[in-house]
Amino acid sequence: MNKVFPDTPAYPELFKPFALAGKPLKNRIVHAAILTALAQKGRVTDKLVNYYSNRAKGGAAMIVTEPVGALTRHQSSARVCAWDDSELSGLARLADSVERHDCRILAQIQDPGRARHVGGRLKDAIGASPVADDLSWSMPSELSISGIEEVIASFAQTATRLHRCGYSGIEISAGHGHLWHQFLSPWSNLREDRYGGELINRVRILDELVDAIRASTDSHFIIGMKLPGDDGVRGGIDLEESCRIAAHFAQVGNIHYLCPTQGSHGPSLEMHMPNDQYSRVPYRSIFNRLKMAAPNLPLMAVARITDPSEADQLVASGQVDLVALGRALITDPAWPLKAASGKARDIRYCVAANSCWNTIVHQMPIACDNNPRVAEPDELLWQPPVALKSKTIVIVGSGIAGLEAAWIAASRGHHVVVMGKSEEVGGSTRRHAELPHSESLSSIYDWQLNACQKAGVVFELGSTANLEKIVAHKPDEVILATGAQMSVPRCLPKSVLDEGLFMDIRQSLQTIHAIKSQQAGCAVLFDMDQTEGTYAAAFLLAKKFRKVILITPREGVAQETPLVTRQNIQRAIFENHIEVRYLCEPWFSPSFSQDGGLGSVSVFGGEPSLIEDAAFFSWSSPRQPNAHLTSKLLSAGLIVHKIGDCKVAGSVMQATSDGNAVALKI
């Protein structure tokens, strides 16, 4: 086997060997289970093999795959079939693609029970008790004793198949509000038989499941357990109860590691995918308490561990034995190799925007804001292929779409000039990153700038590009990455707009940042955007003004964001005491220039509701592409490509993907 790690890695504790069930692990880095939706019709695909083998080659010591289907009712395109023998060859192929790189592979096994977070209620839900799901309100049927026995037997048979296919073990998911969590929690388990009541009864189903799996495999088959550390449910599993559960498993000694996860299937679901509203490594105190409760049971940390130094410190502290990376390894499968070699600056970091989660929830293959090549065969340590002919390319716009195109095109051998009107790169993403709880976005353009500098990209910043400046470079092709601007809401009176008193929220940011002390009046923000940047601006306003009112014509907020992000935004709106007026538009008095009368009015009509002491007004709205240079460049006979918001106003993911795609075409 080729040696891939240096003798003295940059993060020594993180790269110390370990062992589970007698199986060696070359370091402490684990790929956390996350659905990829790369399977098709329940079958292993080339993309699925690419995804996991890339992360095994990237240096992870162990991979926990997404859940496999253990019951016939788990049939879905995205779950690999393991309830019968029909996909054994695919499972064996997947296992071999990981294990051959000195990386252990485990499959997660779980049952959602009553849980559902897409539209509609489950018609055939099961649960510990007939208690409605806290998110979808699906009402489950209570699983009978015979039903419990059948489920346990089916999961044990699945473990047997996985063992035969070369898997090193399984991870039982008893968190996230899944079926086993529903049995553990006194909130959802109201049974009066041997599976309900006291903790010893509520944990019984897991003890029996582990015993059945152990009996059907062998002592070297790893059995891990994902358990709620704090499920965020009143009357559910708090940290004290979690410590008692951990102590139970440590005493029984029937599992090989414990991985605490947070949140449940309800308003606290966001806890398991912490974004920038959370601190880095937000659950450190939970890891510490659980380690104290079960000191001899290997503990695996998970959730927003992004940087190698964070992971190394966790292991060095003795709080945890293993570190599970989910989103971090989606973004950069070579994270372990780069960390071990002291090249942390070269890691493409997760920005915790949860776009990956959004794609899989909508049953699309997993994708990433900061990694446009997820699951491609050449994803690991990818280098752009050399172009057949070197060209001069001018890129107008220094935001993340333009920068992505620039480093790739230059790496292919093209002479690349990036023109930007700002003195700094990053464009609108930089402005967003400067808002509260958005700083992780800066890692996108920081990495891109580093890659551009390595590739020899020429920058001309601080000057607005025009036809003459572009033509002066004698470009073979031009890429327009000039972004977009917010449209003016048509509900705003012309008389108010003509006075030039108000600007959109992007244009207003410099003024808002300049406010040094809290203002006595009320800030009003009209939300026609419903994306993260709008609410980050609202949270900035909450720091600057006594009161903030958000007006939106929709029936909710953050509807253009992933569910877990939306929950987080809703919680932050509550915590920042921001008032939201739903299904409303702003109203200005006919004599606004004299009396400053501002309020809101229902989209259905009626009388306006006045806002007292309004001191600031702005809006966030759908964006119009800044593509005015297109016709001039085409008239000059130039080949023009438009990417990012300049083509169609969209997401961070669209921007980086567009930049990647166009640079590979030239």
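Condition first: more than 22 Å from Asn275 (Cα to Cα), touching a residue at least 24 places away in the same chain (Cβ under 8 Å), of a type in the set (D, E, K, R) and not in a strand (DSSP E or B). Now tell me which residues in region 507-551 satisfy that.
Across region 507-551, the qualifying residue is only Lys544.
So the check is Cβ under 6 Å with 6+ separation or different chains; which pairs have a first residue in region 199-214 that's under 12 Å from Ala174 (Cα atoms) and a second one that's among the aromatic types (Phe, Trp, Tyr) and outside any helix (DSSP H, G or I)?
These pairs meet every condition: Ile205/Tyr195.
Take region 233-267 and flag every residue that is without any contact (Cβ under 8 Å) to a residue 40 or more places away in the chain, within 26 Å of Leu135 (Cβ to Cβ) and more than 28 Å from the chain's Cα centre (by Cα).
Once the filter is applied, which keeps residues that are without any contact (Cβ under 8 Å) to a residue 40 or more places away in the chain, within 26 Å of Leu135 (Cβ to Cβ) and more than 28 Å from the chain's Cα centre (by Cα), region 233-267 yields only Glu240.
Scan the strands (runs of 3 or more DSSP E) fully inside region 605-666 and keep the ones with 1 or more residues being in the same structural domain as Phe526 (by TED's automatic domain parsing) and more than 18 Å from Ile400 (Cα to Cα).
Result: 605-610, 614-620.
In region 580-587, is there at least one residue being without any contact (Cβ under 8 Å) to a residue 60 or more places away in the chain, part of a strand (DSSP E or B) and on the phi > 0 side of the Ramachandran plot?
no
Looking at Val580, Val557, Val601, which is the one that is of a type in the set (Val, Ile, Thr) and closer than 24 Å to Ala520 by Cβ?
Val580
Please go through region 467-490 and give me each residue that is hydrophobic (A, V, I, L, M, F, W, C) and in contact (Cβ under 8 Å) with a residue 12 or more places away in the chain, ordered by number.
Matches in region 467-490: Leu467, Ile470, Val471, Val478, Ile479, Leu480, Ala481, Ala484, Met486, Val488.
Any residue at all in region 575-594 that is charged (D, E, K, R), in the same structural domain as Gln530 (by TED's automatic domain parsing) and farther than 22 Å from Ala558 by Cα?
So far as region 575-594 goes, no, none of its residues is charged (D, E, K, R), in the same structural domain as Gln530 (by TED's automatic domain parsing) and farther than 22 Å from Ala558 by Cα.
State all residues of region 52-84 that are more than 15 Å from Gln108 (Cβ to Cβ), outside any loop (DSSP other than H, G, I, E, B) and either aromatic (Phe, Trp, Tyr) or at pLDDT below 95 (or both); if no residue qualifies, say none.
Correct list: Thr72, Arg73.
Report, by residue number, each residue of region 180-209 that is assigned to a loop (DSSP other than H, G, I, E, B) and within 22 Å of Pro67 (Cα to Cα).
Ser185, Val203
Please find, among Ala344, Ala353, the residue that is in contact (Cβ under 8 Å) with a residue 24 or more places away in the chain, within 30 Å of Ile569 (Cα to Cα) and not assigned by TED's automatic domain parsing to the domain that holds Ala455.
None of the other options fit; the residue is Ala353.
For region 432-471, what are the residues that are part of a loop (DSSP other than H, G, I, E, B) and closer than 30 Å to Ala542 by Cβ?
Those that are part of a loop (DSSP other than H, G, I, E, B) and closer than 30 Å to Ala542 by Cβ: Glu434, Leu435, Pro436, His437, Ser438.
If the requirement is being within 26 Å of Ser268 (Cβ to Cβ) and of a type outside the set (Asp, Glu), which of these qualifies: Ile145, Ile172, Ile105, Ile152?
Matching residue, one of Ile145, Ile172, Ile105, Ile152: Ile172.
Out of all the residues in region 130-159, which are aromatic (Phe, Trp, Tyr) and either touching a helix residue (DSSP H, G or I) at 6+ places or on another chain (Cβ under 8 Å) or part of a helix (DSSP H, G or I) (or both)?
The one that is aromatic (Phe, Trp, Tyr) and either touching a helix residue (DSSP H, G or I) at 6+ places or on another chain (Cβ under 8 Å) or part of a helix (DSSP H, G or I) (or both): Phe155.
For Tyr283, are the conditions met, namely being aromatic (Phe, Trp, Tyr) and under 20 Å from the mean Cα position of the chain (by Cα)?
yes
Which numbered condition in (1) of a type outside the set (Phe, Trp, Tyr); (2) touching a strand residue (DSSP E or B) at 6+ places or on another chain (Cβ under 7 Å); (3) farther than 30 Å from Ala303 by Cα is the only one that Lys632 fails?
Only one criterion is unmet by Lys632, namely (2).
Specify which of the listed residues (Gly326, Gly318) is at positive phi and either under 21 Å from the mean Cα position of the chain (by Cα) or not basic (Lys, Arg) (or both).
The conditions single out Gly318.
Please go through region 487-530 and give me each residue that is hydroxyl-bearing (Ser, Thr, Tyr) and buried (at least 18 other Cβ atoms within 10 Å of the Cβ), ordered by number.
Ser508
Of the residues Leu290, Leu299, Leu322, which is farther than 18 Å from Ile237 by Cβ, at pLDDT 95 or above and crowded, with 18+ Cβ neighbours inside 10 Å?
Being farther than 18 Å from Ile237 by Cβ, at pLDDT 95 or above and crowded, with 18+ Cβ neighbours inside 10 Å holds for just one of Leu290, Leu299, Leu322, which is Leu322.
Need pairs with beta-carbon distance below 8 Å; first residue exposed (fewer than 13 other Cβ atoms within 10 Å of the Cβ) and within region 454-466, second aromatic (Phe, Trp, Tyr); sequence gap 6+ or separate chains.
If the second residue must be aromatic (Phe, Trp, Tyr), the pairs left are Lys454/Trp407.
Those residues that are surrounded by 20 or more Cβ atoms within 10 Å (Cβ to Cβ) and either of a type in the set (Phe, Trp, Tyr) or touching a helix residue (DSSP H, G or I) at 6+ places or on another chain (Cβ under 8 Å) (or both), I need them from region 545-565; list them, please.
Phe545, Val548, Leu550, Val557, Ala558, Thr561, Pro562, Val564, Thr565
Is it the case, given these coordinates, that Lys391 is surrounded by fewer than 24 Cβ atoms within 10 Å (Cβ to Cβ) and in contact with a strand residue (DSSP E or B) (Cβ under 9 Å, 6 or more places away or on another chain)?
Against the criterion (surrounded by fewer than 24 Cβ atoms within 10 Å (Cβ to Cβ) and in contact with a strand residue (DSSP E or B) (Cβ under 9 Å, 6 or more places away or on another chain)), Lys391 qualifies.
Is it true that some residue in region 262-271 is at pLDDT below 95, assigned by TED's automatic domain parsing to the domain that holds Ala60, part of a loop (DSSP other than H, G, I, E, B) and over 21 Å from Ala33 (Cβ atoms)?
Yes, some residue in region 262-271 is at pLDDT below 95, assigned by TED's automatic domain parsing to the domain that holds Ala60, part of a loop (DSSP other than H, G, I, E, B) and over 21 Å from Ala33 (Cβ atoms).
If you go through region 120-139, how many residues are under 29 Å from the mean Cα position of the chain (by Cα) and surrounded by 19 or more Cβ atoms within 10 Å (Cβ to Cβ)?
8
Somewhere in region 287-304, is a residue free of Cβ contacts under 8 Å to residues at least 40 places away in the same chain and in a loop (DSSP other than H, G, I, E, B)?
No; the residues of region 287-304 include none that is free of Cβ contacts under 8 Å to residues at least 40 places away in the same chain and in a loop (DSSP other than H, G, I, E, B).
The values are calculated or read from the model by the stated rules, or taken from the named source; none is laboratory data. Given the structure is predicted, the values throughout are model-derived calculations rather than measurements. Every residue, glycine among them, receives a Cβ derived from its backbone with ideal geometry; neighbour counts consider all protein chains shown.
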